[in-house]
Amino acid sequence: MSERMKAVRQHAFGGPEVLVYEDAPKPRPAAGEVLVRVRAVGLNPPDWYLREGYKALPPEWRPQVTFPVILGTDISGVVEAVAEDVGDFRAGDEVHAMVRFPGGLAGGSRAYAEYVSVPASEVARKPVGIDHAHAAAAPMSLLTAWQFLIDLGHDAQNPLQPHPHRPVPLAGRTVLVNGAAGGVGHLAVQLAKWRGARVLAVASGRHEAMLRALGADAFIDYARDAPEDVAREVDLVVDAVGGAASGRFLRTLKRGGTLFPIFPLGFSGGEEAATRGVTVSATQVRSSGAQLEQAGRLLDDGTLRVVIDSTYPLAHARRAHERAEAGHIQGKIVLTVDG
Ligand SMILES: NC(=O)c1ccc[n+]([C@@H]2O[C@H](COP(=O)([O-])OP(=O)(O)OC[C@H]3O[C@@H](n4cnc5c(N)ncnc54)[C@H](OP(=O)(O)O)[C@@H]3O)[C@@H](O)[C@H]2O)c1
């Protein structure tokens with residue numbers, strides 16, 4: 001019989017109540033993989049999209065899922081073992097990763113567990129200056145912000161548009177970040193500041209102090225003012241809320257400006273964008289150990305800070321998902337795994 005571990009699994013789609021903490025087979029590293037003993041798991045929206053069965057997607061786009069499923073992509077932990085052909089990592093190394101994304105969208109990433117096997121090419125050394133909780137909180141949000149704003153870093157086909165996504169210059173530009181308090185948003189604010197932009201952060205009022213502390217030059221409380229009406233002549237809008245409402249930001253941008261809808265599904269402002277001379281571009285985040293290591297240096301030297309909204313033990317993943325459903329997340333939700 002295979003070795004066992006604890007994991008959070010689900011045997012059907014549904015709400016947070018479908019998440020069950022139970023025994024599961026312990027993975028073994030296949031060729032090219034490392035086995036990581038997980039110390040913390042970072043939560044991301046794809047976790048709840050998969051939990052619910054991707055019900056927001058048209059049926060033909062929904063990945064085929066086989067139960068039981070282990071959710072999650074983002075981990076930090078300690079290398080337990082490596083496949084024979086892996087030379088870059090060895091047992092005892094502290095690492096973090098976004099595991100198999102987007103390849104694992106149907107449940108192949110399997111992060112809500114005591115052990116995860118990860119392709120070595122997706123693994124980065126954990127920044128020494130931060131703990132496992134913060135290192136687990138970073139990967140998907142940081143790689144998303146990095147690939148949108150700094151460097152796409154790959155030439156895989158873009159599933160969201162016919163042409164590759166391209167970051168735009170940030171130095172001296174005015175950048176509005178909508179959804180600025182969330183996982184992607186709070187890192188996008190900091191990356192844009194690091195690259196010399198003037199940053200307008202849009203979030204609900206409770207997040208103002210945090211966002212100003214992270215460097216935002218101005219703050220718009222969307223509950224009091226419609227950001228698309230308050231801001232004008234912006235060079236770049238990073239819409240980390242996205243969806244059908246993203247088009248309202250077209251009038252906020254100057255001619256020649258750019259809109260990055262981080263969640264572009266439902267966007268229908270293509271014609272208006274062309275009339276206004278605005279470029280709209282999106283991409284789907286992809287796992288990369290090399291990029292995570294590069295961006296992680298900014299976590300190490302304090303240029304970037306990952307904010308943690310709340311932490312829960314792995315066994316209480318259901319409560320963590322209930323927290324996510326309540327909304328207004330400030331930074332990241334993290335699961336901790338006993339060492
Ligand atoms: N393209 C990709 O590959 C990619 C990668 C990662 C994420 N995403 C998508 O990007 C989106 C953001 O992801 P995330 O991880 O940052 O999510 P998140 O951590 O859940 O953040 C959402 C944030 O949006 C804020 N918000 C909600 N409604 C708002 C509104 N009307 N105006 C301004 N802010 C609002 C929330 O706080 P307040 O309401 O309190 O301000 C919260 O802080 C998700 O839709 C996700 O699926 C796409």
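Every number here is computed from the coordinates shown, using simple stated rules; none is lab data. What you see is a predicted model; the values in this text were computed from it and never measured. Note that we place each Cβ from the backbone using ideal geometry, even for glycine, and neighbour counts take in every protein chain shown.
Tabulated results
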read-out: Within a Gaussian network of the chain (alpha carbon springs, distance under 10 Å), most fluctuating of Thr174, Thr279, Thr144; value: Thr279
read-out: Residue (of Ala133, Leu71, Gly256) at the positive-pole extreme of the chain, dipole from beta-carbon charges; value: Gly256
read-out: Cβ-derived FRET efficiency at R0 22 Å, Arg28 paired with Ala156, nearest 0.05; value: 0.20
read-out: Max mean-square fluctuation residue, GNM over the chain, Cα-Cα springs under 10 Å, options Ala156, Ala138, Ala91; value: Ala156
read-out: Cα-based equivalent ellipsoid, the chain: semi-axes from gyration tensor eigenvalues, Å; value: 33, 21, 19
read-out: Built amide H within the under 5 Å cut-off of Leu265, gap 5+; value: Gly243
read-out: Extension gain (nm, one decimal) between Asp85 and Ala218, 0.36 nm per residue minus Cα-Cα; value: 42.9 nm
read-out: Tilt relative to the chain, helix 289-300 - C-alpha long axis, 0 to 90 degrees, to 10; value: 70
read-out: DSSP loop GluC sites (Glu not before Pro) with at most 11 other Cβ within 10 Å: longest gap in the chain; value: 85-232
read-out: Simple spin-label estimate for Ala106 and Val78 in nanometres, 7 Å along Cα-Cβ; value: 3.6
read-out: Hz values of 3J(HN,Hα) by residue in region 67-77 - Karplus curve (6.51, -1.76, 1.60), Gly and Pro given as x; value: 8, x, 10, 10, 6, x, 10, 9, 9, 9, x
read-out: Distance between modelled label sites at Arg255 and Arg166, nm, 7 Å Cα→Cβ extension; value: 2.0
read-out: Total charge dipole magnitude, region 36-108, about the Cα centre, Cβ charges on Lys, Arg, Asp, Glu only, Debye to nearest 20; value: 340
read-out: Helical contribution to [θ] at 222 nm, DSSP H n ≥ 4, -39,500 (n - 2.57), averaged over the chain, rounded to 500; value: -6000 deg cm²/dmol
read-out: Residue among Ala91, Ala188, Gly42 farthest towards the positive dipole end of the chain, charges placed on Cβ; value: Ala188
read-out: Estimated FRET transfer efficiency when R0 is 22 angstrom, pair Val20-Glu60 (beta carbons, to 0.05); value: 0.15
read-out: Of Lys55/Lys332; Lys26/Lys332; Lys193/Lys254, those spanning more than 25 Å from alpha-carbon to alpha-carbon; value: Lys26/Lys332
read-out: Crossing angle, helix 183-194 versus the chain [Cα axis fit, 0-90 degrees, rounded to tens]; value: 60
read-out: FRET efficiency for Ala326 and Thr279, using Cβ-Cβ distance with R0 set to 30 Å, rounded to 0.05; value: 0.30
